[in-house]
Amino acid sequence: MKKTILISENGNRQFAFVKGNRPTNSKAVTAKMKSIEEYGLLSPITVVDGEQVITSGGHLVDLNGKDIPDSQSVNYYAVLDGQHRLIAYIKLGLNLNDLVITEPLNVDMSIAALIAEMNICTTTWKGTDYMAAPAMTLSKTNDVFEFAVQLRSKGFPLATISQWCTGTNSLKPKDLVNCVKSGELPKILQSETWYQRSIRWYEAAQGKFSDSFLSKKYLITYIIMQYNNAADPVAYCHQIEQALKKLTPAQATEIMEARKIGLKSREQVVVELLEQYLG
């Protein structure tokens, strides 16, 4: 078994994550903490030198998700597998000098492929997890994709991300996986036309609604429907932006806290309130 233990020559390296890899989950970290407390760390953390990630076209973020300059990559180990175990280990206040780390046994695989294979074999990926591949491998993205990554970090499901970024529900996991092979963004994310409108709506709505509410389909589905049926779509873009900005805290709360009434579903009640307050 090949393993590397933190020793003096490498001891100054800190830990980082690969930008675009799926974020850690607090529940999973808590579960790992309980396991480590009772049994210790049962398997090593898989890492590569940070500069290897940069060479492969990726980037690093610190354990809080903040970007690390590429020039500083030599100061870090990039965690490929074991993000939750590492965070749990640190939260328990254990000595990092006792932490066992290992390099990947398959040195021929790309960084993105290693992360995907390691994760997909342990926990089934959700739709947005497939955004990790293009986020880690594409050397050139655009504002639409960066917006999608931003929404993903806030817990938006892929269907809602697709609506905010493209005005449709057409973005699928296979489109993101194919990015690794083609080296290009999915065609549906290459046009910034819809994004130029929706980013203004999102920014206006963000000041009124919680991320939890915006991650659901209610608001963006309503806006898309109204836009598609508008006699003057260009005028509607400005109209809905201004309506969102004028929304009062009380009105926004009423919309977010809407509940089923009689035979009306919650969605129907929300849509009626959106019609009432946004027009």
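What follows draws every value from the coordinates through simple rules; no lab data is involved. Model, not experiment: these values are computed from the prediction.
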Item to check | Between segment 264-279 and segment 141-171, the alpha-carbon center distance in angstrom | outcome: 24
Checklist outcome for this item: GNM of the chain, Cα pairs under 10 angstrom: of 189, 105, 114, the biggest fluctuation goes to 105
Checklist outcome for this item: All alpha-carbon distances of segment 197-254, grouped into 10 Å bins from 0, give the whole-percent distribution 23, 58, 19, 0
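Pairs of Cα atoms under 8 Å, at least six residues apart: use those to get the relative contact order of segment 157-214, whole percent. Could the numbers behind the result be given before it?
On the way: 33 pairs, mean separation 16.8, N = 58.
Relative CO of segment 157-214 lands at 29 percent.
Could you sort out which of 19/216; 187/260; 34/260 sit more than 30 Å apart by Cα distance in this structure? Please report the intermediate quantities before stating the final value.
Working: 19/216 25 Å; 187/260 39 Å; 34/260 39 Å.
Check vs 30 Å cut-off fails for 187/260; 34/260.
Where does the chain land on Rg(C-alpha)/(2.2 N^0.38 Å)?
Working: Rg = 22.0 Å, N = 279, 2.2 N^0.38 = 18.7 Å.
Scaled against compact globular proteins, the figure is 1.18.
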Next on the checklist: Looking at the chain as a GNM with Cα springs under 10 Å, which of 223, 90, 45 has the largest mean-square fluctuation?
Outcome noted: 90
Checklist entry - Taking Cα pairs under 8 Å and at least six residues apart, what relative contact order does segment 131-279 come out at, in percent? => result 21
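Roughly speaking, what % of Cα-Cα pairs in segment 13-121 are separated by over 22 Å, rounded to a whole number?
28
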Checklist outcome for this item: For the chain, longest principal axis from Cα atoms; helix 218-229 axis from its Cα atoms; angle between them, nearest 10 degrees, is 50
Item to check | Fluctuation leader among 165, 179, 237 - the chain, Gaussian network, Cα springs under 10 angstrom | outcome: 237
Next on the checklist: As I understand it, the value is the acute angle between the Cα axis of helix 26-39 and the longest principal axis of the Cα atoms of the chain; what does it come to in degrees, rounded to 10?
Outcome noted: 30
